[in-house]
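J.: Got a structure for you, written out below as structure tokens; questions coming shortly.
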Amino acid sequence: MIDILLSTYNGERFIKEQIDSILSQTFTDWRLIIRDDFSKDNTPLIIKEYSEKYPEKISILTSEKNLGCKSSFETLLRESKNDYVMFSDQDDIWLPDKVKEAYQMMIEAERDNKGKAIICCTDLIVVNEKLEVLKKSYWDYARIRPSLLKTYNMLSVNNYVTGCTMIINRKARETSLPFGKNALLHDSYIALKVKAEGGLILHSSKSNIYYRQHGYNEVGAIEVKYDYNYFIRKAINIKNIIHCQYLNYKQAKEVRNINIIIFILCRITYLLRR
């Protein structure tokens, strides 16, 4: 069975569509565990209604305070007891075969890599609030090149493993917990931990999720175009960019020691080659 972990916060606008898309999956051997992170809107009422309507499929993890996205997902991950875990955002749409294809990808990977921590992930379809397609490939949209991020050092400077596309096995879950104090987000931290421990990360360019952008995303898709405006924006925001990269470095160093010079060189290499 697969545990699908969903952390919600002020998600009343889109949460029904997301849960409905999970309920419509062609693969049905799953349970949905939801933790609300102290929403101030009607999200708790909505998820309560769903859990009461589908008690055999949906359960709610009681929450006592606001933890933030990373810690909320860590709490959910600790609650998981099944062999496989997927992560869901509150505002996307899962295409009908998403769970089935993720499970098949994982089973095939485990067949040849018994006992290893494994992550399987995919690309995403970027859509706007009305589900109109902005770009068929998030990786192209954001100039993300998974083929350049195969080593731990390279992965530390740019994560391509998006949480809402991930499926991980039991070994990967055990490897990832507990999250470190410098962990930034659940997806990047899990990816680094699995890579650091000799695990396997597999990716597919097939997209089976609508990645909705609406202006209030906790973490969203940012289009990258190497034009005049791009470099002007980078220059204006240089302090913030340096700070973000320093946080990435701290996360990577905590998981597995990495020299700051190597980190900087990997970042430059990736920017030049992507």
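J.: Provide the per-residue ³J(HN,Hα) series for the stretch 203-209, in order, calculated from phi with Karplus coefficients 6.51, -1.76, 1.60 and θ = phi - 60°, each as a whole number of Hz, with x at glycine and proline positions.
T.: These are the phi-based 3J(HN,Hα) values: 10, 10, 7, 6, 9, 9, 8 Hz.
J.: Figure the gain on full extension for residue 111 and residue 206 (residue separation times 0.36 nm, minus the Cα-Cα span) and round it to one decimal in nm.
T.: 32.1 nm
J.: Multiplying the sequence separation of residue 62 and residue 242 by 0.36 nm and subtracting their Cα-Cα distance, what value in nm do you get?
T.: Answer, rounded to one decimal: 61.0 nm.
J.: Now for a different question. What residue among 255, 133, 161 has the largest mean-square fluctuation in a Gaussian network model of the chain, using Cα springs under 10 Å?
T.: 133
J.: While we're looking at this one, here's another question. Once amide H atoms are built 1.01 Å from N in the peptide plane, which residues 5 or more positions from residue 124, or in another chain, come under 5 Å H to H?
T.: Here 138, 139 satisfy the definition.
J.: For residue 79 and residue 26, calculate 0.36 nm times their separation in residues minus their Cα-Cα distance, and state this gained length in nm to one decimal. Walk me through the numbers before you get to the answer.
T.: Working: separation 53, 0.36 × 53 = 19.08 nm, distance 2.48 nm.
Contour length minus Cα-Cα distance gives 16.6 nm.
J.: Compute and list, largest first, the equivalent-ellipsoid semi-axes of the stretch 22-107 from the alpha carbon gyration tensor, each √(5λ) rounded to a whole angstrom.
T.: Square roots of five times the eigenvalues give 23, 16, 12 Å.
J.: Counting pairs of alpha carbon atoms under 8 Å apart in space and at least six apart in sequence, what relative contact order in percent does the chain give?
T.: Normalised by residue count, the contact order of the chain is 21 percent.
J.: Sticking with this structure for a sec: Mind pulling up the Rg/Rh value for the chain? Radius of gyration and Kirkwood radius, both on Cα.
T.: 0.95
J.: Net charge near residue 63, counting Lys/Arg +1 and Asp/Glu -1 over other residues with Cβ under 10 Å of its Cβ?
T.: Net local charge, residue 63 excluded: -1.
J.: Place the peptides 49-55, 187-193, 256-262 in order of packing, highest mean first, counting for every residue the other Cβ atoms within 10 Å and averaging per peptide.
T.: 187-193, 49-55, 256-262
J.: To the nearest Å, what is the center-to-center distance of the stretch 63-90 and the stretch 120-197, using C-alpha atoms only?
T.: Here the two parts' Cα centres lie 16 Å apart.
J.: Still on this structure: Need one number: % antiparallel among DSSP beta bridges in the chain, to the nearest 5.
T.: Percentage antiparallel, nearest 5: 25.
J.: Same structure again: Given springs between every Cα pair under 10 Å in a Gaussian network model of the chain, which of 153, 82, 208 has the largest fluctuation?
T.: Of the options given, 82 has the highest mean-square fluctuation.
J.: Here's another thing I want to ask about it. Just grab the label-to-label distance for residue 52 and residue 174, each label 7 Å out from Cα along the Cβ direction, in nm (one decimal).
T.: 4.0
J.: R0 = 22 Å: FRET efficiency of residue 271 with residue 214, Cβ-based, nearest 0.05?
T.: Efficiency at R0 = 22 Å is approximately 0.20.
Rule-based calculations on the coordinates, nothing more; no lab input. The structure displayed is predicted, hence computed values, not measured ones. Don't worry about glycine lacking a Cβ; one is built from the backbone with ideal geometry, like all the others, and counts go over all protein chains shown.
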